[in-house]
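A short write-up of the structure that comes next.
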Amino acid sequence: MNSTIKIACIAFAALVCTNTVNAKKPEQGLKDAYKGYFSIGVAVNQRNISDPQQTALILKEFNSITSENDMKPGEIHPGRGVWNFEKADKVANFCREHHIKLRGHNLCWHSQFCNWMFTSPDGTPATKEQVYAELKDHIFTVVNRYKDIVYCWDVVNEAMSDSPTGNPFRDSRMYKLCGHDFIDSCFVWAHQADPKALLFYNDYNASQTHKRDHIYDMVKAMKDKGIPIDGIGMQGHYNVVYGTQNMAEQVDSAITMYSKVVKHIQFTEVDIRANEQMGGQLMFSRDAAPITDEIKAKLTQSYANLFQVLRKHKKVVDVVTFWNLSDKDSWLGTRNYPLLFDENLQPKAAYYAVRDFKKLKK
Ligand code: XIL
């Protein structure tokens, strides 16, 4: 290369470099900040995926999606032989179009379930065999339909009791008829339908000591029997009223314990209720009193503490999913202030506490 060409090349390279440095870097989203840690997910409804502003926010911030309601058994399979795939297909197609992985939620739950399964076609109570035939057909049909895009399933949701004493299993209709064998069976069918999907048991209060121990015992027993279960879904519906540090500590020890029995832990439905008026209970009202700045600061601290623990366990935590996009959509009501985006889709202080953790003082 002669010297004139060399100088021209160097000058061009310098120009490209300067322009690159001067160009304003686009602001990173949560999913970018957590690259190297875990995926960041969001539960969506139909409005979220059809409104351009909300869609843009989803694409900027998240790299895993859960359908909030549209894939639940009762929604997708409301009657014997009646299938209602339209809304679930829209969520799946949104994910296919934007190359976002989809968490399947869920295949068997006591709520929003196919209650028709418990009555046989002649109107008499269904037998265990009849329920199993329908449930197996349900699981095979749904898992097969979405196996190209769904990477994991909440196979069984909330099958444990909340009581610290007595039977560890929830006394659901399914349990009453089939015993806890229905849990094993659902996992076996889901695995047969898609051997590649990661299969989860999912529950709330999964870091509360007694429930944690019951979940651990159940999953350990399943593993020992060779049931194809890959992970535990910790829903993660928390509350500032319970104290911020305590919550993070409980989560920390639950992850440590669960990781002895599974390789995958997913936080599947994170939100933190902040309205004191509700005293720690679920409150769905949109008319509750506004919350104070002090409580908002507590919310920020709770999120910061929680994510610090989650980052510590990045080897076993695959994904952390928020249960709804913004406070406007939250199933807990807007005034519960539970998410990182407010009712106008604006990021809160809690958002920055979660995203910009590298800037935080140790
Ligand atoms: C909730 C939805 O967010 C609501 O819209 C619906 O009315 C009830 O269910 N645990 C779960 C989720 O596993 O499926 C629930 O979602 C919240 C609690």
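Annotations for the structure displayed:
- Label separation (Ser163 vs Asn93): 4.7 nm, computed from points 7 Å beyond Cα along the C-beta direction.
- Translational diffusion coefficient (Stokes-Einstein; Kirkwood radius from C-alpha pairs) of the chain at 20 °C, 1.002 mPa s, in µm²/s: 98
- Each part gets one Cα centre, and for region 291-357 versus region 138-152 those centres are 30 Å apart.
- Sum of side-chain charges, Ile149 neighbourhood, beta-carbon under 9 Å (Lys, Arg +1; Asp, Glu -1): +2
- Carbon plus sulfur fraction of accessible area for the chain, probe 1.4 Å, in percent: 54
- Rounded to 10°, Cα long-axis angle of helix 3-22 versus longest principal axis of the chain: 50
- P(r) of region 78-237 over all Cα-Cα pairs, binned every 10 Å from zero, in whole percent: 10, 38, 36, 15, 1
- Computed over region 133-214, the ratio Rg/Rh where both radii use C-alpha atoms and Rh is Kirkwood: 1.01
- Alpha-carbon Rg/Rh ratio, for region 36-173, with Rh computed the Kirkwood way: 1.03
- Degrees between helix 244-258 axis and first principal axis of the chain (Cα, 0 to 90, nearest 10): 70
- Filter on Lys31/Lys359; Lys90/Lys296; Lys101/Lys263; Lys60/Lys328 - keep pairs with C-alpha separation over 25 Å: Lys90/Lys296
- Net length gained if the chain between Ser253 and Thr292 were fully extended (0.36 nm per residue, minus Cα distance): 10.9 nm
- Residue-normalised accessible area of the chain, given per residue in Å² at a 1.4 Å probe: 46
- Rel. contact order, % - alpha carbon contacts under 8 angstrom, at least six apart, the chain: 15
- Residue of Gln250, Gln53, Gln235 that the Gaussian network model of the chain assigns the largest fluctuation, springs spanning Cα pairs under 10 Å: Gln53
- C-alpha long axis of helix 181-193 to longest principal axis of the chain, angle in °: 50
The values are calculated or read from the model by the stated rules, or taken from the named source; none is laboratory data. Given the structure is predicted, the values throughout are model-derived calculations rather than measurements. Note: ideal-geometry Cβ built from the backbone for every residue, glycine included; neighbour counts use all protein chains shown. Only protein heavy atoms, including side chains, enter the accessible area calculation; ligands, DNA and RNA are left aside. Shrake-Rupley method; radii C 1.70, N 1.55, O 1.52, S 1.80 Å.
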